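Before any comments, here is the structure.
The values are calculated or read from the model by the stated rules, or taken from the named source; none is laboratory data. Note that the structure is a prediction, hence the values are computed from the model and not measured. Ideal geometry is used to build each Cβ from the backbone, glycine not excepted, and the neighbour counts take in all protein chains shown. Surface accessibility is based on the protein's heavy atoms, side chains included, excluding ligands, DNA and RNA. Shrake-Rupley method; radii C 1.70, N 1.55, O 1.52, S 1.80 Å.
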Amino acid sequence: MQKQFYLNGEWVEGQGFIELYSPHTKEVLAQIPQATEEQVKQAIDAAEAARPVMAGLTALERAEILEHLAQLFKDNRQRAAEIISLEGAKPIKFALAEIDRTIETYKFAAEEAKRLTGEMIPMDAAKGGAGRFGYTITQPIGVIGAITPFNFPQNLVAHKVGPAIAAGNTIVLKPASQTPLSALFLAELIAQTNLPKGAFNVVTGSGRVVGDALVTSDKVKMITFTGSPAVGIGIRNKAGLKRVALELGSNAGLIIDRGTNIDDIVAKCVVGAFSNQGQVCISIQRIYVMEEVADEFIEKFVAAAQKLKVGNPLHMETDIAAMIHADEQVRAQQWVEEAAAKGAEVLTGGSITDGVFAPTILHNVESHAKVSCQEVFAPIVSVNRISSIEEGIQAINDSNYGLQAGIFTQDIQTAFAASKKLEVGGVIINDIPTYRVDQMPYGGVKESGTGKEGLKYAIHEMVESKLIVWNQA
Ligand code: NAP
């Protein structure tokens, strides 16, 4: 079926199309229009023209639009999840969980829309401030270009669309080429709300054409990007003076201290390492476990991973399905082979069976192996033994990335020390680094990005703070 763009509140025909394939069944799901530079400009113009009406909405009106959107996702929960499973091969139970989070994300955005305030400035605290009355107001920044990845095609889009609407901005969304149907479904839902015409637009097509046109347009005031570091760095280099928020990759690490009850944590570690086939920016990629509990952890972790059900992503019992592209599975296998050649032991998995790359656990992995030092973005996790927590902290910090890290420990001093020393955007104590709820500040250091998401934090990046000073003398 040929899909259309959503532009200026209308469905618009494209000219060139590419076929969208299901990563799991390989069936053709739809024909996706590929926007030209000219069509991206039309979307930007529509968003630019909608700015005054969008900026004129009251906080209550913006909140009501977002609440309505959250309700529409509730009403269409199953359909929205099935689209994610079909185009992204995300097992349906995880896709349903993503829609539940999407609903929460839009609800938080609605709440934050009502809390957007400036601040009073104590002008007379300075010698020259007597008789002056100062405060800041927040104003929408304007047109926002949102560029999103394939792995959470609704919730990570919600982390851009929600705050943009809450702040009174207009948006042009470019979804990942593998997950355009979720973005077009979002447009169908948004079309049912009172969002002004032109305030939300979706253009599908390649990163190079659509992404570039957004990044280089003078009318776009901010690019909010979630994706790989290579693309993110390229965007920053081209964006000139426009604001850029980058949510990038990582090779998240977890430390397991002696005294940890292994039975309590194994199931969490399996979810953290293998959900959505490890294609999660804070998927557990490296586990550093203290000698005293290493044998028990490894034995139970491997046994639990081997119980995961591989199958069709649309089946409720499925834990693992195909990765996003066949060539990504080949890459994953090659990286495992490279680690093995450097001395790693493959405890389970490591190969492709019936078109699916198996959940893989490696032991004794050299720190320079790609599966350890690069972002693996596959169901592969490395387990290494450590003889001190300090060794684990240093190993986690020996990385180009720093998004989140986790530590399981019963020792309060160890937890405090780790939380200070780990070079990451967030430290999760007594849980996996994959832990996230949507209102918390979320964003990395080093090559994991700049800027924070989490509704309140993203909204503050999407407004101008303007100073007003009254001379009362
Ligand atoms: P990706 O290849 O970087 O693509 C992300 C988006 O950028 C897609 O829409 C892509 O379009 C677009 N793009 C590609 N080239 C571009 C260019 N030259 N200019 C502008 N846009 C361009 O990432 P992905 O494979 O979809 O997602 C996986 C990555 O996202 C991982 O690194 C993961 O860690 C990261 N991620 C980070 C977070 C976080 O919050 N920190 C969350 C989720 C994912 P096409 O699809 O058309 O190429």
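Of all the numbered requirements in (1) in contact with a Ser or Thr (Cβ under 6 Å, 6 or more places away or on another chain); (2) over 22 Å from Q306 (Cα atoms), I380 misses one, and that requirement is (2). The condition of being touching a strand residue (DSSP E or B) at 6+ places or on another chain (Cβ under 6 Å) and open to solvent by 10 Å² or more (accessible area, probe 1.4 Å) holds for only one of T138, T170, T193, that being T138.
Just one of the listed residues (V427, V437, V463, V469) is open to solvent by less than 30 Å² (accessible area, probe 1.4 Å), among the β-branched types (V, I, T) and more than 12 Å from the ligand (Cβ to nearest atom), and it is V463.
If you go through segment 315-340 and keep only what is more than 22 Å from the chain's Cα centre (by Cα) and not in a helix (DSSP H, G or I), you end up with H315, M316, E317, T318.
Identify, by number, the condition in (1) open to solvent by 30 Å² or more (accessible area, probe 1.4 Å); (2) part of a loop (DSSP other than H, G, I, E, B) that R208 doesn't meet. Of (1) open to solvent by 30 Å² or more (accessible area, probe 1.4 Å); (2) part of a loop (DSSP other than H, G, I, E, B), only one is false for R208: (2). Regarding G118, is this residue surrounded by 24 or more Cβ atoms within 10 Å (Cβ to Cβ) and in a loop (DSSP other than H, G, I, E, B)? Answer is no for this residue. For segment 218-239, the tally of residues that are more than 10 Å from the ligand (Cβ to nearest atom), of a type in the set (S, T, N, Q) and either more than 24 Å from V463 (Cα to Cα) or open to solvent by less than 20 Å² (accessible area, probe 1.4 Å) (or both) stands at 1.
Kindly indicate whether K420 is within 16 Å of the ligand (Cβ to nearest atom) and among the basic types (K, R). Against the criterion (within 16 Å of the ligand (Cβ to nearest atom) and among the basic types (K, R)), K420 does not qualify.
Taking the numbered list (1) closer than 18 Å to F152 by Cα; (2) open to solvent by 70 Å² or more (accessible area, probe 1.4 Å) in turn, K421 passes all entries but (1). Checked across segment 240-256, the condition of being open to solvent by 10 Å² or more (accessible area, probe 1.4 Å), in a helix (DSSP H, G or I) and without any contact (Cβ under 8 Å) to a residue 40 or more places away in the chain holds for no residue.
Only one entry in K456, K446, K420, K452 is among the basic types (K, R) and free of Cβ contacts under 8 Å to residues at least 12 places away in the same chain, namely K420. Take A344 and decide whether it is over 28 Å from T148 (Cβ atoms) and not hydroxyl-bearing (S, T, Y). Answer is yes for this residue.
Look through A113, A95, A109, A80 and report the one residue that is in contact (Cβ under 8 Å) with a residue 40 or more places away in the chain and touching a Gly at 6+ places or on another chain (Cβ under 6 Å).
A109
Residues that are surrounded by fewer than 21 Cβ atoms within 10 Å (Cβ to Cβ) and either outside the structural domain of F200 (by TED's automatic domain parsing) or within 19 Å of T318 (Cα to Cα) (or both) within segment 65-108 comprise R77, Q78, R79, E82, K93, L96, A97, D100, listed in sequence order. Here's a check for you: in segment 273-282, which residue that is in a helix (DSSP H, G or I) and either over 20 Å from F297 (Cβ atoms) or in contact with a Gly (Cβ under 8 Å, 6 or more places away or on another chain) (or both) is nearest to the ligand (Cβ to nearest atom)? Among those residues, the one meeting the criterion is N276. All of (1) assigned by TED's automatic domain parsing to the domain that holds Q285; (2) within 24 Å of T105 (Cα to Cα); (3) free of Cβ contacts under 8 Å to residues at least 60 places away in the same chain hold for D431 with one exception: (3).
For every residue, the table says whether it meets (1) more than 15 Å from the ligand (Cβ to nearest atom); (2) at positive phi; (3) of a type in the set (A, V, I, L, M).
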site	(1), (2), (3)
D100	yes, no, no
R115	yes, no, no
Q154	no, no, no
G168	yes, yes, no
V172	no, no, yes
L186	no, no, yes
P196	yes, no, no
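Do we have L403 as in the same structural domain as Q306 (by TED's automatic domain parsing), away from the ligand (no atom under 16 Å from the Cβ) and crowded, with 18+ Cβ neighbours inside 10 Å here? No.
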